[in-house]
1. At q = 0.10, 0.13, 0.19 Å⁻¹, what log₁₀ I(q)/I(0) does a Debye calculation on the Cα points of region 112-247 give, no solvent, two decimals?
2. Only Cα pairs under 8 Å and at least 6 apart count here; give the relative contact order of region 135-222 as a rounded whole percent.
3. Averaging over every viewing direction, what projected area does the convex hull of the Cα atoms of region 203-253 cover, in nm²?
4. Between Q163 and D224, what length comes free when the chain is fully extended (0.36 nm per residue of separation minus the Cα-Cα distance, one decimal in nm)?
5. Subtracting the Cα-Cα distance from 0.36 nm times the residue separation, let me have the gained length for R231 to K198 in nm, one decimal.
6. At R0 = 22 Å, how high is the FRET efficiency between H173 and T148 if r is their beta carbon distance? Nearest 0.05 is fine.
7. Could you order the peptides 155-167, 32-44 from most to least packed, using the average number of other C-beta atoms within 10 Å per residue?
8. Give, in nm to one decimal, the length gained when the segment between T90 and L63 is fully stretched (0.36 nm per residue of separation minus the Cα-Cα distance).
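Quick note: the coordinates plus some simple rules give every number you see, no bench work behind them. None of the values given here were measured: they were computed from a predicted structure. Every residue, glycine as well, gets a Cβ built from its backbone with ideal geometry; the counts of neighbours run over all protein chains shown.
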Amino acid sequence: MYLFFVTMIGLLFVGCQKEIEVDIPDYQDKIVIEGSIENGQPAMVIVSNSVPYFSTIDLDMLLNEVFIKDAVVTVTSSTGETEQLTFAYTEESPIYFAYMGQNIIGEPGKSYALRVEYGGKVYTSQTSIVQPVALDSVWLAFIDENDTMPTSRILLSDNAETQDYYQFRIKIHGKDLTDRLWVTSMPVAFDDATFNGKTVNYEILRANPSSLFMPTMTDEEEADFYRITYRPGDTIYIKTSMLDYSGYRFWSTISNELSFGQNPFMTPAPIISNINGDNAMGVWCGYASTIDTLYYQTRQRGGRKR
């Protein structure tokens, strides 16, 4: 009888399901600007149109509907240098095209103003390149003596006198995997609020790279593409970047969206842009960077390479 009543109650709930209608908010077209300038590097800026959430995105759509190729993009340094960027092909851009600079090279201690003119409107932003920070050490971290797929760890001494904002990125050059672009770690950016002035031992994990331009992959190729551990023969580059506050604020809200955006029980957090102008979003960010290199040649525990 107990089983009978449980079954009847279950059928009752199934029979009481109700269809609901969800009103999706109207799509609002925005201009998206993502730009960067790094110590030792020229400025790079991508200008594009936003697309509706359920759009099918491919290369043809990007080239003909998304990319904005006729904007006027200008960068001015705090020492008075001004340069108009040129739209060009570059391997450094996630989408292979960007507005690129040549003459103004990023320097720590300088600030840079961005101005984008398009469609009769002007969009502006400001960023700075702070002082870069060198890691104390970086090494391959094995779980035990039988582990052959390590991750990477760093030792970092934070400056107690400054409020610091960090971002870590990784490139792998190996037998079966060569990253064209830097892949961020998770979280994408963080501050030193919990370790100000201390020395921390921190694991750097490669986040999922974009597969937008990747051809159809086999299961084995996909597992290698999305891996967070290293294989013998890999050369691993770890880039430590210091951000100013506005760049950190943008990337930290992006990180929150990536971490919690798929959770239906979480309220989406707004992404805080530092682009000024009507219906604009994105980021103009200065990076003060250093690069460390790891070589995974054999299974030898404890080897460190700077």
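1. Listed by q, the Debye log ratios stand at -0.45, -0.71, -1.13.
2. Values: 130 pairs, mean separation 26.1, N = 88.
Relative contact order comes out at 30 percent.
3. Its average projected convex-hull area is 5.5 nm².
4. So the extension gain works out to 18.3 nm.
5. Working: separation 33, 0.36 × 33 = 11.88 nm, distance 3.16 nm.
Answer, rounded to one decimal: 8.7 nm.
6. 0.75
7. Values: 155-167: 16.0, 32-44: 20.8.
Packing order, densest peptide first, comes out as 32-44, 155-167.
8. Working: separation 27, 0.36 × 27 = 9.72 nm, distance 1.45 nm.
Result for the pair: 8.3 nm of gain on full extension.
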